[in-house]
Amino acid sequence: MGLAENILEAIPQPALLVNPQDRILAGNSMAQAVFGAGLVDRSLVMVIRQPSVLDALEACRKTGAVQSARYLTNDARQDVSFDMRASLLQGAGLDGVLLCFNDVSHLEQAGQMRRDFVANVSHELRTPLTALIGFIETLQGPARDDPAARARFLAIMASEADRMNPMAEQCNVALQLQMPESEVVIPGDGDQLRQVFTNLIENAIKYGGQGGIVTVTVHAAAPEAGLRGPAVRVQVADKGAGIDPVHIPRLTERFYRVDSHRSRQMGGTGLGLAIVKHIINRHRGRMRIESGLGEGTTFTVILPATG
């Protein structure tokens, strides 16, 4: 192994040394894994056919400055992205341009996941209730004296309300509410807390089983050791097929679905419970999930109470 090969082998990423005639002088073992064996003396154009890399190489030669480009390929399993840097080498028999390829596929994937998450959260938060609140605010403000806009918004509101109203009826689920006699007050953001309970109740109706009963129970404020003070408990329970306990620790993970096919069929994004957990955490609360196959599911939300 010559000097060039020894130097390139010490670089912890795929690396090629290219001479002024665009022929490969050396390539380390990581480069061979990406571009194939037998690289030495091959024309770079025959190994890398992407113009952006070749342009960066030529610019490096002309200016002497480090150039960068994106190199895209596929490893037969998935797309792979590299950040390529071209550096001019001179002296010690190493005259040429050094091309180093940094695998940034994981960063690309993380960026795509963030973009997907934002898009899905936006979709998840656009509940009928949120739409109704927005329309009401518009009618109270800018559209107050606009008859045409008022008529259009009222029609949309009626449609959204109809969509909310028959959900339990369509699923043949009886919704029962059990409230304490005394008033229950929870400090927090009303819209966000409404989102929590809307999501839990809709999930119970959709996944709790046909012909079942969904019970929403609100317990009066009582001392709660975990929160070091009085707390209100709200339980949403169904009598459906239940959830295998193996899934429970992961239910609030983003995009996690117990039954992916069924969830997609019913319009689930795999984000609802992640958002619920985030909101509860923001309110310094806790959520507990109890379930078993054939035993139904109970979500218990514990929130600090006033007074």
>> For a quick check: sort Glu5, Glu202 by the number of other beta carbons within 10 angstrom, fewest at the front.
In response: Glu5, Glu202
>> I need to check one value: relative contact order of the stretch 3-103, counting alpha carbon pairs closer than 8 Å and at least 6 residues apart, in percent.
In response: 25 percent
>> With 10 angstrom as the radius, rank Val236, Val196 by how many other C-beta atoms surround their C-beta, starting from the fewest.
In response: Val236, Val196
> Want the number for Leu175 to Asp83: 0.36 nm per residue separation, take away the alpha-carbon distance, what's left?
Replying inline: 27.5 nm
> Taking a label point 7 Å from the Cα of Thr63 along the Cα→Cβ vector, which residues of the stretch 23-56 have an amide N closer than 12 Å to it?
Replying inline: 56
>> Given a Förster distance of 41 Å, report the FRET efficiency between Ser52 and His278 from their Cβ-Cβ distance, rounded to the nearest 0.05.
In response: 0.55
>> Give me the one-decimal Kirkwood hydrodynamic radius in Å for the stretch 3-103, with the sum taken over alpha-carbon pairs.
In response: 13.4 Å
> Quick one: if you stick a label point 7 Å off each Cα along the C-beta vector at Arg194 and Ala225, how many nm between them?
Replying inline: 3.7 nm
> Relative to the present Cα-Cα distance, how much length would full extension add between Arg288 and Arg42 at 0.36 nm per residue of separation?
Replying inline: 82.3 nm
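Any read-out appearing in this document is the output of simple, stated calculations on the displayed coordinates, not a laboratory observation. Predicted model, so just to flag it, every value in this text is computed and none were measured. So basically every Cβ, Gly included, is an ideal-geometry build from the backbone, and we count neighbours across all protein chains shown.
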